[in-house]
Structure formats: C-alpha cells, structure tokens
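The values are calculated or read from the model by the stated rules, or taken from the named source; none is laboratory data. What you are looking at is a predicted structure, and each value in this text was computed from that prediction instead of being measured. We place every Cβ from the backbone using ideal geometry, glycine too, and count neighbours over all the protein chains shown. With ligands, DNA and RNA removed, areas are computed over all heavy atoms of the protein, side chains included. Shrake-Rupley method; radii C 1.70, N 1.55, O 1.52, S 1.80 Å.
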Amino acid sequence: MNDYLFTKIRQHFESTAIADIEQTVGQQLKSGKWHCAQGARIAIAVGSRGIANIARITKAVVAAVKAKGGAPFIIPAMGSHGGATAEGQREILASYGVMEEAMGCPIRSSMEVVKLENGDLEIPLFMDKYAFESDGVILINRIKPHTAFHGDYESGLVKMSVIGLGKERLASALHAYGIYGLKTLMPKAARKILATGKIILGVGIVENAYDETAIIEALTPEEILRREPELLNSAKAMLPGFPLNEIDVLIVDCLGKNISGSGMDPNIIGRMRIRGEVEPEFPAIKVIVVTDLTDASHGNACGIGLADVVTRRLANKIDWDATYMNGITSGFYEHFMLPIVAPTDAQALEWGIRASHDPHKPKKIVRITDTLHLSEMYVSEAALEEIKDKVKILGEPANLFDEQGSLITF
C-alpha cells in the first residue's frame, strides 16, 4: 500500500447557480398563483436532506408568507428520520440552521398524524397533525434522482407530500411494498393527498454538480405533478460523475444523511443493492472504503451497507437505534449492514486493495470527500494515466496518510 502515490486533480462541471437566493424565492412566491387569508396559519414543511441554502430558502419562504398576511410556522417533513421522534426531527432541522430564532417563526414538531381518506388505494394515508390542522401547507424540497429506484417522480415534492408529511406511519406503510411502493403507489398517494387541498404550494429546488442552488420554482399542486418530472430531468443532467468508468478502490471520506438519503448516492457510486433493481453498469467500482460519518447525520449510518470496508472511527459514531429505525422503515436492509471494520484509514485502504484482487495489476484508486463533491479528488498513478488529458492536475504525487495511518486533510 505504501507504494501508492496520489495526485490531486480537478474536473469541471456545468456551474450555473442562482446569485441571490432570497430575491429568487421572493419573486417566485410573489406571484398570484397562491393566496392566503389574513392571519392564515401556513405550515412550511422542511425535510432532512442536506440541501444547499436550505435555511436561507426557508427563511425567505417564511418572509413571503408574512408579506401576504399569513402566520407561518415550520414542521419537519422527514418520515422516520431523527429516530422517529419529534425532538430528533427538530434537532435535524436545527443542524441545518432552521431554528425558531433564525427563521422568525415557531417550529412545531410532532410524530402525530391524522388519517386521510384513501379510497381504493392499497395503503392507508396519513398527514402530520400540525399540517392537517393548518390553513395550508407549503412544501420545500430538492428534486433529484432517488437512491433506490428510477421513475417519473423520485426524490422531490411528490415524495415529501407522501412520506415526509405522512411521518413514520405512512413511510412504513409505503416502504413495506418495496420498489413497487415507491415507484407505483407513491404517485397515486400523492395525487390523493394533493387533491385534499391542504397543500397550497411546493417550492422545488434543483442543485448543480457543485452542490449549489441552480433552480428554485414555486409550483401549485397541479404544477407539481406536471413540472416535477421535467425538473428531475434537469437534476439528472447536472449530476456530477467520475472522470473514469472503472475504479479498483474508491475511498469516501464521509457518508451521511446530509450527503444523500442513502448516505452515499448510489447514482454516483454505481451501487443500488436493492432487490429487484438492476445495478448500474457504470461506474464499475470493485471496492468502496468509507472512513467517517458526518456530524449532521446524528449517528444515522444509513448507506453503510453500500461500503465494503469502514473504519473503527466511523463504526464508533453509529447510533444503531436511529440507524435501524431508518432501515426497518425503508425495508432496504442491505443498506444498513455493517461491513468489515478496520482500525485505521490506512488499514482500510490496504484491505480494500486486497479485496480488489489481481495483485500484480497497478490499482486505479480514487479518493473523494463524499458523493456530493466530485470536482476535486485524489487519484493513484494508474488512474491519473487514464484521465490526465481531461482533468487539471493540482499538485505533485504524494502519500495520502500521516504517520498514524490517518488520511491527510483533503
């Protein structure tokens, strides 16, 4: 392993981004497509994903509601996350800067739900009690490819209207059907929930490959169903990727719920590990090593099962109660299985190299911070040889580890 030297490189992606977040939100919500009566209690639903500028966007939505005479308050819309507790979900919002003092309005967090009429739908329907008792709900969520399936509606406003607002009760009911539940039942459930009239607006967000806000659109319930698939295609077009298709060992510094719903984005690493779903053909990564868990995950190690080797540092940070609550709700148990645990970063890479087999072949090894940030990475000499004509080289080849076997600062 000590024979491997790594070079830091940079690749370029499309970088269109919104310059003034608050102005854009204000313009979108100033339109006459939605209304609220003087003093109307408007619930603003915010999720658990690590969305860029989420505190700024939420605060701007709060201001827009107040400008129309409404009385806004914020609710967590995140299914079973936060250990499926009201306080846990409030803490997740706080970790993103979404707090009462900063937002200028109350936050009302509860796992209580109200049962809705479901007609002939195969699953029961529920809605957050505070949302149901409000005069209207505004959804705020990022629209992006889902980490477990692909369809017209993946991660976005449709999903939040069902799983987010439905809390653990509806999240569990839907996930019990696996991919069929997400791909087929979720849009059907969303249509019924949107038809109740409780949701008055959705604020859809699309990010570019640099984790920057590229699109913000305010959508009526009717527009959500029509426009979200188009915004999803825009999000897919902006996804970052690796400059090479075949990797022997991928080192990921951190996984986390603020990085991806699956800790690491399967669309980036080319691993779904979902029964019934076809694995992506590229990138073809033999072994994945993960060294740490983000603090913003609050111990939820969802996605750890997508790795082959992890470090003891990561394993020691896992809150298994929160992790298993997320895993049991989703039903995708493969994503929650603990891989081999190595004592140090260096040992984790060594074991990763052994598992990639073919010991006489120079290894294509790549190191990234996480699956949200792929513009800069470290690559081994064999990997650099393949991509040197399409990336910018940022330094001389060097060792990745210090004397204690820990990764050097990125």
Do you know the relative contact order of region 124-174, to the nearest whole percent, from alpha carbon pairs under 8 angstrom that are 6+ apart? 44 percent
Angle check, please: helix 320-330 long axis (alpha carbons) against the longest principal axis of the chain (alpha carbons), in degrees 0 to 90, nearest 10. 70 degrees
Here FRET efficiency (C-beta to C-beta, residue 409 to residue 110, R₀ 45 Å, nearest 0.05) is 0.65
Where the only charges are on Cβ atoms (+1 Lys, Arg; -1 Asp, Glu), what is the dipole of region 229-280 about its Cα centre, to the nearest 20 debye? 200 debye
Does anyone have the angle between helix 186-195 and the longest principal axis of the chain? Alpha-carbon axes, 0 to 90°, nearest 10? 30 degrees
Just grab the label-to-label distance for residue 5 and residue 284, each label 7 Å out from Cα along the Cβ direction, in nm (one decimal). 2.9 nm
Measuring from the longest principal axis of the C-alpha atoms of the chain, the long axis of helix 54-67 (C-alpha) lies at a number of degrees, nearest 10, equal to 10 degrees
Percentage relative contact order, region 194-257, counting C-alpha pairs under 8 Å, at least six apart: 28 percent
Which one, (i) 130; (ii) 147; (iii) 182, gives volume of the Cα convex hull per residue in Å³ as derived from the coordinates shown? (i)
Theoretical ellipticity at 222 nm over the chain - DSSP helices of four or more residues, -39500 (n - 2.57) apiece, nearest 500: -8000 deg cm²/dmol
What is region 194-321 by shape, rounded, prolate or oblate, if you read a ≥ b ≥ c off the alpha carbon gyration tensor as root eigenvalues and call it rounded for a/c under 1.5, prolate for a/b larger than b/c, and oblate otherwise? prolate
The chain: antiparallel bridges as % of DSSP beta bridges, rounded to 5, reads 40 percent
Once residue 357 and residue 99 are pulled to full extension, the length gained, defined as 0.36 nm per residue separation minus their Cα-Cα distance, is 87.9 nm
Per residue, accessible area of the chain with a 1.4 Å probe, heavy atoms of protein chains only, in Å², comes to 40 Å²
How much of the accessible area of the chain, probe 1.4 Å, is carbon plus sulfur, in whole percent? 50 percent
With contacts defined as alpha carbon pairs under 8 Å and 6 or more residues apart, what's the relative contact order of region 19-77 in percent? 49 percent
Using amide H atoms built 1.01 Å from N in the peptide plane, name the residues 5+ places from residue 5, or on other chains, whose amide H lies under 5 Å from its own. 381
